Amino acid sequence: MNNLLTPNYPNGRNLFQGKNMLVTAAAGSGIGFSTARRFLEEGANVFISDVHEARLEQAIQTLQDLKLGEVDGCICNVTNDQEIDSMFKQALTRFSHLDGVINNAGLGGESSLESMTNEAWSLVMDVTLNGAMKIMRAAIPILKDTQGVIVNNASVLGWRAQAGQSHYAAAKAGVMALTRCVAMETVEFGIRINAVAPSLAINPHLSKTNSDELISELASMEAYGRGAEPWEIANIILFLASDLSSYMTGEIISASSQRA
């Protein structure tokens, strides 16, 4: 049982040798950073973005220090069309083409609907759902050239009910629907679009939007008695971005160990 509770970090297998991948919201220590690192360990070059300048610079430096693939990045607020266009231009200037885009940016919170302000609702929707749409819309014409992939970060809350999460759950359900519909629009261009739906991934920033009591409660509901390590979710994102999932598009994979 100890091996299940403390999984071993995976070895690289060069799944993305020579590929160029873009990952949004990759600063800090969450799923985005772990995904960028795992791409590097699998042979890729990565371009990352975030809204936090100092954390972004630190993330770029940490990834460059691995001395694996090429690493670059820029500031990007996924709600801002001009910043999104600038991000893709910078990424293409750096790497000439992109093979995949990982749509990781999102914003949560904890509030009952009764006490929720319009501003709180709109902010979560704008970052989590509208941001995903805008990144996808900008990525599609670029990925036509490489028959690339898009992987969105959704959530099991797009399916499941949880008090205090109506705005986040509604936004993530929207990301799931967006994934399914746009996948049908892009299949003729060879672009695959899928999503991962984590239940609980533990990172230091989680406590900024959720109470410690809620995090502990959610962790206890998992069959392993713990939340996922961010790199465990990253591994699923890498699967969806790789040739190993070549027959999958418009699909959402639940990344959860919750009891049935």
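Just so it is clear, none of the values below were taken in a lab; they were calculated from the coordinates. For clarity, every value in this text was computed on a predicted model and none was experimentally measured. Positions of Cβ are generated from backbone atoms using ideal geometry, with glycine treated the same way; all protein chains shown enter the neighbour counts.
Structure notes:
- Distance in nm between pseudo-label sites at residue 219 and residue 188 (7 Å out along the Cβ direction from Cα): 5.0
- Alpha-carbon geometry of the range 39-121: the Rg and the Dmax are 15.9, 50 Å, given in that order.
- Separation in nanometres of the label points that stand 7 Å from Cα toward Cβ, at residue 146 and residue 52: 2.7
- Rounded to 5, percent antiparallel among DSSP beta bridges of the chain: 5
- Cα gyration tensor shape for the range 1-66, rounded if a/c is under 1.5, else prolate or oblate: oblate
- Debye log10 I(q)/I(0) at q = 0.15, 0.17, 0.32 Å⁻¹ for the range 116-164, Cα point scatterers: -0.56, -0.67, -1.15
- Estimated dipole of the range 14-253 in Debye, rounded to 20 [Cβ of Lys and Arg +1, of Asp and Glu -1, Cα centre]: 380
- Helical mean residue ellipticity (222 nm; -39500 (n - 2.57) per DSSP H run of 4+; nearest 500) of the chain: -12500 deg cm²/dmol
- Pairs of Lys residues in the range 14-253 are counted when their Cα atoms are under 26 angstrom apart and they lie 8 or more places apart or on different chains; the count is 12.
- Taking 0.36 nm per residue of separation and subtracting the Cα-Cα distance, full extension of the segment from residue 212 to residue 62 would add 51.2 nm.
- When only Cα pairs below 8 angstrom with a gap of at least 6 residues are kept, the chain shows a relative contact order of 19 percent.
- Ratio of Rg to Rh over the range 1-144 (Cα coordinates, Kirkwood Rh, two decimals): 1.02
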